[in-house]
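Beneath this line is the structure, given in structure tokens, with notes to follow.
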Amino acid sequence: MAEGPAPRLLTRRQLVKRGAVGTLLLLVAGGAVTVLWPTRRRRARPGLRVFDEREASILACVAATLLHVEPGAPQPDDVDVAGRVDGLLALSPSGVQNEFRQLLRLFENGFLGVLTGTGWTSFTAASEESREARLHAWERSRIALFRTGYQAMKRLCAACYYSAPATWASIGYPGPPEIVS
């Protein structure tokens, strides 16, 4: 069997530079005055275990923007994607939970909208076009933190949406087979 190219390893200097850039972005965005960019609240389900209402609203907005569902199919809010992600993350270690919560707050921040060229406003208060532009900017960013964050949000939202039984009929999935013993 032919071997592919060896994986490219990061040098110590590259690793430190990437970590420093991510840390700097988190500090600057976290320290920015978020009062200027308030989160538009969405209906959050009671009993969230990981997210607060603001974080659930951000994730619900991300899911609604990311998941382009067919007409007639349940919308991400209909199957409570944010609540399902919350339940999934509740099973994760606290470090993973905290990092994902930081990612959501970073993504919401209007200051990073300026850095990505998608506007001054928060993600949830932006127009549909601006929200899609910010997601695409993170998807194609030269900053590894943004690309990784985009993939985490996209994959969690898609997994939690399509695993909901209410969505199965709209994608032609009859459901899991019955096991007869």
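Restricted to segment 151-173, and to residues there that are in a helix (DSSP H, G or I) and among the aliphatic types (A, V, I, L, M), the residue that is farthest from residue 64 (Cα to Cα) is 169.
Selection within segment 70-99: residues that are surrounded by 14 or more Cβ atoms within 10 Å (Cβ to Cβ) and either touching a Ser or Thr at 6+ places or on another chain (Cβ under 8 Å) or among the polar types (S, T, N, Q) (or both). The member of this set that is nearest to residue 172 (Cα to Cα) is 73. Do the conditions hold for residue 124, that is, is it in contact (Cβ under 8 Å) with a residue 40 or more places away in the chain, surrounded by 20 or more Cβ atoms within 10 Å (Cβ to Cβ), outside any helix (DSSP H, G or I) and touching a Lys or Arg at 6+ places or on another chain (Cβ under 7 Å)? Here the answer is yes, as residue 124 does meet what is asked. Within segment 92-129, the set of residues being among the β-branched types (Val, Ile, Thr) and farther than 20 Å from residue 67 by Cα comprises 96, 114, 116, 121. Of the residues screened, residue 76 is one that is outside any helix (DSSP H, G or I) and within 15 Å of the chain's Cα centre (by Cα). In segment 160-181, of all residues being small (Gly, Ala, Ser) and either touching a strand residue (DSSP E or B) at 6+ places or on another chain (Cβ under 6 Å) or in contact (Cβ under 8 Å) with a residue 60 or more places away in the chain (or both), the one that is surrounded by the most Cβ atoms within 10 Å (Cβ to Cβ) corresponds to 164. Taken over segment 128-150, the criterion of being charged (D, E, K, R), surrounded by fewer than 17 Cβ atoms within 10 Å (Cβ to Cβ) and part of a helix (DSSP H, G or I) is satisfied by 128, 129, 132, 139, 140, 147.
Has segment 72-81 got at least one residue that is among the polar types (S, T, N, Q) and in contact with a Phe, Trp or Tyr (Cβ under 9 Å, 6 or more places away or on another chain)? Within segment 72-81 (the criterion being among the polar types (S, T, N, Q) and in contact with a Phe, Trp or Tyr (Cβ under 9 Å, 6 or more places away or on another chain)), the answer is no, since none of the residues qualifies.
The numbers here are math on the coordinates, done by the rules we state, and not lab data. Quantities reported herein were computed from a predicted structural model and do not represent experimental measurements. Counting neighbours? That spans all protein chains shown, and the Cβs are built from the backbone with ideal geometry, glycine included.
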